[in-house]
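**Student:** Pasting a structure below so you can have a look.
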Amino acid sequence: MTVNLQKGQRVDLTKGNTGLNKIRVGLGWDPVQQKSSGGLFGGLFGGGGSKGANVDCDASVILLKGDHLSSKQDVIYFGNLSGANGAVTHSGDNLTGAGEGDDEQVVIELKSIPAEYNRLIFVVNIYQAAQRQQHFGMIHNAFIRLVDVSTNEQLLKYNLTENYSDQTTLITGEIYRHENDWKFAAIGTGTKDNSLGEVIQKYQA
């Protein structure tokens with residue numbers, strides 16, 4: 001049964017479920033439908049109706065050792081699709097966010113993550129946000145969810161429902177070690193970082 005989380009909630013993943021290993025982390029979002037008026041200009045440029053904002057969001061995972069980022073190779077995104085000795089793999093880039101379901105996915109083998117890694121931070125940022133004058137007020141239905149790959153059962157889902165206008169990056173959640181187990185925390189924090197590079201600076205030692 002799916003656990004629906006609120007901001008700030010934490011949940012055990014492996015405690016009491018020692019067989020859990022391979023999980024799929026799905027991140028999704030949709031462009032807000034923008035109304036265009038009819039009349040003269042509406043007729044000249046396609047008539048009435050609605051159109052989606054062309055916002056290119058990118059999902060990334062920042063792998064931390066001792067709560068710090070020690071190498072750029074530990075940033076998993078569309079330009080570096082695998083890390084932690086292959087225990088974390090990214091599905092690749094999605095340019096539009098159109099359609100239902102996950103827009104980008106990350107597959108994680110929990111038992112294969114090297115012991116020195118203690119936190120996996122899941123980030124969604126807008127590509128070239130400053131240049132395109134875009135922000136997360138132009139996006140809705142953002143979520144992060146975890147699925148057990150072996151059973152295809154959705155374990156949990158966190159819908160990011162706050163108003164993130166003027167924010168260009170979302171720290172959606174994190175998977176972290178607690179003693180010998182893994183847990184998930186729903187974070188849902190927006191920032192004004194204009195690139196993934198600005199985000200990862202905050203985690204560098």
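**Student:** Scan segment 120-136 and tell me whether some residue there is among the hydrophobic types (A, V, I, L, M, F, W, C), crowded, with 21+ Cβ neighbours inside 10 Å, in contact (Cβ under 8 Å) with a residue 12 or more places away in the chain and over 19 Å from residue 187 (Cβ atoms).
**Tutor:** yes
**Student:** If I ask for residues that are buried (at least 16 other Cβ atoms within 10 Å of the Cβ) and of a type outside the set (S, T, N, Q), which ones from segment 184-198 would you list?
**Tutor:** Correct list: 184, 185, 186, 187, 188, 190, 193, 196.
**Student:** I'd like the residue in segment 145-181 that is within 28 Å of residue 201 (Cβ to Cβ) and among the acidic types (Asp, Glu) and, out of all such residues, is surrounded by the most Cβ atoms within 10 Å (Cβ to Cβ).
**Tutor:** 174
**Student:** For residues in segment 78-98 being touching a Leu at 6+ places or on another chain (Cβ under 7 Å) and either more than 21 Å from residue 149 (Cβ to Cβ) or modelled with pLDDT of 95 or more (or both), which is surrounded by the fewest Cβ atoms within 10 Å (Cβ to Cβ)? Steps first, please.
**Tutor:** Initially, segment 78-98 is screened for residues touching a Leu at 6+ places or on another chain (Cβ under 7 Å), giving 83-84, 88-90, 92.
Narrowing the set further to residues that are either more than 21 Å from residue 149 (Cβ to Cβ) or modelled with pLDDT of 95 or more (or both) leaves 83-84, 88-90.
Details: 83: 23, 84: 21, 88: 24, 89: 17, 90: 22.
Taking the candidates together, the pick is 89.
**Student:** Give me the pairs, please: first residue somewhere in segment 89-105 and closer than 10 Å to residue 26 by Cα, second residue anywhere and modelled with pLDDT under 60 and part of a loop (DSSP other than H, G, I, E, B), beta-carbon distance under 6 Å, and either six or more positions apart or on two chains.
**Tutor:** 103/97
**Student:** When both residues are 6+ apart or on different chains and their Cβ atoms are under 7 Å apart, which pairs have a first residue that lies in segment 2-28 and is of a type in the set (Gly, Ala, Ser), and a second that is in a loop (DSSP other than H, G, I, E, B) and surrounded by 14 or more Cβ atoms within 10 Å (Cβ to Cβ)?
**Tutor:** Correct list of pairs: 26/102; 28/102; 28/103.
**Student:** Also, quick follow-up: Taking segment 137-152 only, how many residues are part of a loop (DSSP other than H, G, I, E, B) and either aromatic (Phe, Trp, Tyr) or free of Cβ contacts under 8 Å to residues at least 12 places away in the same chain (or both)? Break it down stepwise before answering.
**Tutor:** Our first condition is that a residue be part of a loop (DSSP other than H, G, I, E, B); within segment 137-152, this holds for 149-152.
Next cut, either aromatic (Phe, Trp, Tyr) or free of Cβ contacts under 8 Å to residues at least 12 places away in the same chain (or both) only: 151-152.
Adding up the residues that qualify gives 2.
**Student:** Let me ask something additional. Within segment 45-65, work out how many residues are loosely packed, with under 12 Cβ neighbours inside 10 Å and at pLDDT 95 or above.
**Tutor:** Of the residues in segment 45-65, 0 are loosely packed, with under 12 Cβ neighbours inside 10 Å and at pLDDT 95 or above.
The values are calculated or read from the model by the stated rules, or taken from the named source; none is laboratory data. Note that the structure is predicted; figures quoted are calculated from it, not measured. Glycine gets a Cβ as well: all are built from the backbone with ideal geometry, and neighbour counts include every protein chain shown.
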